[in-house]
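What follows is a short report on a single structure.
The values are calculated or read from the model by the stated rules, or taken from the named source; none is laboratory data. Remember, predicted model here, so these are calculated numbers, not experimental data. Heads up, the Cβs are rebuilt from the backbone with ideal geometry, glycines too, and the neighbour counts pull from every protein chain shown.
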Amino acid sequence: MDAERISIAATCLHAAHDGSLSFPEIVGKLVAAGFEGYTVDYRRNSQTCYLPDGDSVTMDMQPSAGKVAAAFDATEVERLVRWAQANPADYSYVAFCEKAKAAGCAGYLVSFLGRRVVYFGRTAETHVEHFPK
């Protein structure tokens, strides 16, 4: 993968953590760079961005507090997504990650092509969120 795409992916990852870009802005930048999606893995503290040709880049994420709970609580994950979408004053991506892990979310797959995010637990239970129109 070329250095420019790696830089864009890294910039978007850091912007999620420091709050300098919103999820829609991050998606826009990654799509414009040619990515088709990415996966966040809370157990490895990593994010992998994928190109359509099969190339990918994996980056270390800033670790968030806590461990992934054993039980997946899809209702809580959905509530957290609504919290993130509302973007209230107390929202941050770091807090979202901590709360998602506490709700048993082991990670999530973002598909730009499918316009959805699949959140998954340690037992492969899932919750699917479609991108707002």
Any chance V128 is touching a residue at least 40 places away in the same chain (Cβ under 8 Å), touching a strand residue (DSSP E or B) at 6+ places or on another chain (Cβ under 6 Å) and not acidic (D, E): no
Residue satisfying all of: in region 113-133; under 21 Å from A86 (Cα atoms) and either under 12 Å from the mean Cα position of the chain (by Cα) or charged (D, E, K, R) (or both); modelled with the lowest pLDDT among these: K133
Any chance A70 is closer than 12 Å to K101 by Cα, among the aliphatic types (A, V, I, L, M) and surrounded by fewer than 16 Cβ atoms within 10 Å (Cβ to Cβ): yes
Of residues in region 27-55 being of a type in the set (A, V, I, L, M) and crowded, with 19+ Cβ neighbours inside 10 Å, the one nearest to R115 (Cα to Cα): V27
Qualifying residue in region 70-93 (condition: farther than 25 Å from E25 by Cβ and of a type in the set (S, T, Y)): yes
Close pairs from region 55-75: first at positive phi, partner at pLDDT 95 or above and not aliphatic (A, V, I, L, M), Cβ under 7 Å, at least 6 apart: G66/E98; G66/K101
Search result, residues across region 79-93 that are assigned to a helix (DSSP H, G or I) and exposed (fewer than 15 other Cβ atoms within 10 Å of the Cβ): R79, R82, Q85, A86
Qualifying residue in region 2-9 (condition: at pLDDT below 95, part of a helix (DSSP H, G or I), more than 12 Å from the chain's Cα centre (by Cα) and at negative phi): no
Every residue from region 1-14 that is crowded, with 17+ Cβ neighbours inside 10 Å and either among the small types (G, A, S) or more than 18 Å from G37 (Cβ to Cβ) (or both): A9
Any hit, region 57-66, residues being at pLDDT 95 or above, over 15 Å from G107 (Cβ atoms) and part of a strand (DSSP E or B): yes
Hits in region 94-107 - residues which are in a helix (DSSP H, G or I) and without any contact (Cβ under 8 Å) to a residue 60 or more places away in the chain: A95, F96, C97, E98, K99, A100, K101, A102
Filtered residues of region 108-133 (kept if of a type in the set (K, R) and either part of a helix (DSSP H, G or I) or closer than 24 Å to V31 by Cα (or both)): R115, R116, K133
